[in-house]
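First the structure, in the form of structure tokens, and then the observations on it.
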Amino acid sequence: MEQANIELVQSNHEVKIVDRREIYISGVKKITSFDHEEFLLETTMGILLLKGSGLEILRLDTHDGNVRIKGKINSYQYLEKGGTKAKEESFMAKLFK
């Protein structure tokens, strides 16, 4: 998984999936990492993990914080920040294996 750290402008957050083959996400602050199977994005509403296959960025608007991704969308999940720092690091280490 590539480390991206692409900083975007803060805005309202919205997720729209079209036919499980495209996803539009607004309110993206930063794309932390991505590859063809997973995207990890920091949004105004928390950390968003997107999973699928053949995923690729179609549009990245750094001014408004909008991202459009194509590919087969299998799931998306908001990851909660909580617990000790060691637990978070452990979870993140597992996530990127």
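List of remarks:
- The residue of segment 14-54 that is farthest from the chain's Cα centre (by Cα), among those that are basic (K, R) and closer than 15 Å to N66 by Cα, is K16.
- Subset of segment 61-80 that is part of a loop (DSSP other than H, G, I, E, B) and under 14 Å from S26 (Cβ atoms) - its residue that is modelled with the highest pLDDT: G65
The values are calculated or read from the model by the stated rules, or taken from the named source; none is laboratory data. None of these values were measured; they are calculated from a predicted model. A quick note on method: Cβ atoms are made from the backbone with ideal geometry, for glycine too, and the neighbour counts reach across all protein chains shown.
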